[in-house]
Amino acid sequence: MAINDASTQTSASNAQAARIETLSARRIRRQTVFSQTARPDLTVGPGIFQTSEADVRSVALSVQRRRMTAATVNGAYGKEPGRLSRSVMHALMQDLRDGRYERGARLPAERILALAMGVSRPIIREALHALDLLGVVETRVGSGTYVIDVNVDLGSHVSHAPAFEVLDTLSTLECSALAHAADRIEKTLLDALAENLEAACHTDGNFEAWHSGLAKFHIALAKASQNEVLSLMIGQLWQVRLGASITRRFVQRAWLAGALADHAALKQFLAALRAGNHELASRELRAEHNRVLAAVLDIYAEDEVARARESVSQLRARFVWPPLPPGSLSPAR
């Protein structure tokens, strides 16, 4: 009797295992069909409805990776949207560098990436937008997001760009960061900004120290926005200013000319922040950027005038004959 009961239980267990295996196979087939629907760039083969051990392992690894990625993202950065978008951006960059997506390949849809990384679609959208701005991917309306360059760096792209374009972009981004940070300005941040500005103002004629102190001031302000994408882009543009770029050379020449010694606008900017007058602070920050931009444009104009004079001088030497002494015959041309 006991043997019969054991046999019955074994048969029931085997039947249950078979049912579970059948359900798993069906689930895998549905996931395969869904993946093919979501990724029309993939070729649908004749064996799409066949379940193999490779399919099972592939789905298992995908689920495991999704759980690990979600745990890493949420564990390391909590639930703050800005930090989540940055972590997702770095995770996608790592996938690109690891060769998961080749150049020219289309990335999975936002809903697929959101599911894989355990975050919301707006977080994925913000991360993809940042990668688009950096030139890593390109979003095409009605088509999807495609890989452009996995080794791109913002600094390498704009180090030779016109200085006034870099400075104008930096001005726009920093004013946007200030708008995000308006309700998060605390005394500790204000003290840190004041300290950085004071250090930049007393550098004893050292351009590198002045420029570095100013960079710390602006980057600290950008981080206060708690928008990691804005902060990242502002930081990279300041690296362009600090590095061997056209922008740095123009800024240094303007500084040597004495056009950038006065920081009254930044001091008034800090005073407005302390008073809680964010509108005035925004105007003063824009005024400071405009002052730097105007000084650089003056240097640029001087260079353009010098080039124009040199060009005219060459044309004069080529086409205008020197004056002849009195009584000489005109030379035959």
Note: among R253, R241, R184, just one is within 23 Å of G135 (Cβ to Cβ) and either modelled with pLDDT under 85 or not assigned by TED's automatic domain parsing to the domain that holds H90 (or both), namely R241
Is the stretch 220-227 home to any residue that is in contact with a Lys or Arg (Cβ under 7 Å, 6 or more places away or on another chain), over 13 Å from W255 (Cβ atoms), among the polar types (S, T, N, Q) and part of a helix (DSSP H, G or I)? no
When K216 is run through (1) crowded, with 16+ Cβ neighbours inside 10 Å; (2) closer than 26 Å to A275 by Cα; (3) in contact (Cβ under 8 Å) with a residue 24 or more places away in the chain, the failure sits at (3)
The number of residues in the stretch 181-213 that are more than 17 Å from H289 (Cβ to Cβ) and either in contact with a Leu (Cβ under 6 Å, 6 or more places away or on another chain) or in contact (Cβ under 8 Å) with a residue 40 or more places away in the chain (or both) is 7
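Rundown of residues vs (1) within 27 Å of E208 (Cα to Cα); (2) assigned by TED's automatic domain parsing to the domain that holds E165; (3) modelled with pLDDT of 90 or more; (4) within 28 Å of the chain's Cα centre (by Cα), yes/no style:
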{"site": "I219", "(1), (2), (3), (4)": "yes, yes, yes, yes"}
{"site": "L270", "(1), (2), (3), (4)": "yes, yes, yes, yes"}
{"site": "A281", "(1), (2), (3), (4)": "yes, yes, yes, yes"}
{"site": "E302", "(1), (2), (3), (4)": "yes, yes, yes, no"}
{"site": "A306", "(1), (2), (3), (4)": "no, yes, yes, no"}
L167 meets each of (1) under 20 Å from L260 (Cβ atoms); (2) part of a helix (DSSP H, G or I); (3) without any contact (Cβ under 8 Å) to a residue 40 or more places away in the chain with one exception, condition (3)
Wholly inside the stretch 242-333, helices (runs of 4 or more DSSP H) that include 1 or more residues that are over 27 Å from R184 (Cβ atoms) and touching a Leu at 6+ places or on another chain (Cβ under 7 Å) are 246-256, 278-319
Checked the stretch 80-128 for anything over 20 Å from the mean Cα position of the chain (by Cα) and in a helix (DSSP H, G or I); matches are R111, I112, L115, A116
Every listed condition ((1) in a helix (DSSP H, G or I); (2) more than 22 Å from the chain's Cα centre (by Cα)) holds for C175 save (2)
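The values are calculated or read from the model by the stated rules, or taken from the named source; none is laboratory data. From a predicted model like this one, the values you see are computed outputs, not experimental measurements. When we count neighbours, we look across all protein chains shown, and the Cβ atoms used for this are built from the backbone with ideal geometry, even at glycine.
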